[in-house]
Amino acid sequence: HPLLKEGLTILDTPGLNALGSEPELTLNMLPNAQAVVFVLAADTGVTKSDLEMWQHHVQPLGGDARHGRIIALNKVDTLWDELTDNKTVEGIIMAQANTAAKMLEIDPTNVFPVSAQKGLLAKIRHDQELLERSNILSLELILSQDILPQKQHIVRDNIVAEIGTIAQQARDLLASRLADANKQLKELKNLSGKNEDVILHLMKKTREEQLTYHKSVESFQANRKIFSEQHKILLKLLSLSKLDKHMSETRKQMTKTWTTAGMKTAMKEFFEITNAAIRDSSQQVDKVNTLVQTIYRKFHQEHGLAETKPKLFSFTKFKRDMERLFIEAEAYRNSPVTTMTEQTFVVKKFFISMVSHARNIFFNAHQESESWGKAAMAPLVARIKEHKDQMEKRLESLRKINESRDTLQSRIAELEAQAEVLNDQLADINTLMETINKPLDSFLPDDEGDSAQVA
């Protein structure tokens, strides 16, 4: 299908009432889906289990701009009647669609009455009239115009974020090298025709700058140690061993209790503790991010270096995922079905569909936090090393010039060539950054800018 070739990925889950289905597998996939196509049957409308599933698991996704919700009212061909005119039949179908929209509290324009079976049959037989009546093309159109571009934008944003960070760091480093090269060029050109005392004075001044710089680096290392300590606190809050211990205690409480109320209390306590850990982690992330920004800003102000913006750690998605999971857990805990279900099954489902998901959130948060902690100071460390090397090269050049005036012109020529190369590299990386930050649509030829053909 053309949509699949364009990059659309479809995960077709079994109906929740299907024999042998494992609903927790479906539920765990929902937060990661860019869109949910909720399939209803036109002949039955919104059933009780449909409504419960929608309210507890799909409707909460509506608060996130990156999650689309579409209703496919399938099997409308069961409402077709050869004894009734098409206008009346369409009225019946639209009434069913509007009823579904009202019950699910969704815009009626997001409800698509279709006949998947007739649509497939029409495509096989190349029956254009039946294809249009099946209305399957309207559903394919919304997938091609809304959902697929959304996926492309998300993928692009992720790639640009990674490449953009690397490119910006490389650009800052090149800009720093070029500034140092130009500074040295200016100093050396001013030395032409000057006596030995001027060169010795410049060497003394450079050594003083170097000494001041080394002292500020010591201050940076002290701040870096504070950052490391605060980052360790964050990792401790997201500790998996601590969570595993809590999971084990919750399982014991749920299996040993003699009452449903006891089980529900254990469920509630589990999420109260995990939510508190996520809340504390979010506050710690804000604290660590502020510290990183302060360290970068202070170093730039002290040395007048081109400012390098630190990459901050975003905890939003983990908070959002835990909030969604908490809503799901509360719905399960308060459901009358849970009260009437056998204890071992309740415990099993709670751990498979909710506790394991909570652990995944903690695992991913811990992994990303750990990786970020290792990389957060890397750009500044690279700048410090680069600046140190440049200062040492300046001193070495001045020493050689003091020993032999012939070295002066060769060093000026060397720096001019170096500055020219750096200018070219800086221009290249600026062009790269402009390109990757262009809107996605600007890369499409005019004849391909329209939505994919889905017929």
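Structure summary
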item: Test result for Leu243, touching a Gly at 6+ places or on another chain (Cβ under 8 Å), in a helix (DSSP H, G or I), in the same structural domain as Lys385 (by TED's automatic domain parsing) and surrounded by 13 or more Cβ atoms within 10 Å (Cβ to Cβ); result: no
item: Any hit, segment 264-282, residues being free of Cβ contacts under 8 Å to residues at least 40 places away in the same chain and under 28 Å from Glu162 (Cβ atoms); result: yes
item: Test: residue in segment 27-48 that is assigned to a helix (DSSP H, G or I), under 29 Å from Met94 (Cβ atoms) and modelled with pLDDT of 80 or more; result: yes
item: Which listed residue is assigned to a helix (DSSP H, G or I), of a type in the set (Gly, Ala, Ser), within 30 Å of Glu434 (Cα to Cα) and at pLDDT 75 or above, from Ala266, Ala175; result: Ala175
item: Residues within segment 97-154 that are assigned to a helix (DSSP H, G or I), closer than 16 Å to Gly68 by Cβ and not charged (D, E, K, R), tallied; result: 19
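The values are calculated or read from the model by the stated rules, or taken from the named source; none is laboratory data. The structure presented is a predicted model; accordingly, all values stated were derived computationally and were not measured. Here the Cβ is made from the backbone with ideal geometry for all residues, glycine too, and neighbour counts use every protein chain on show.
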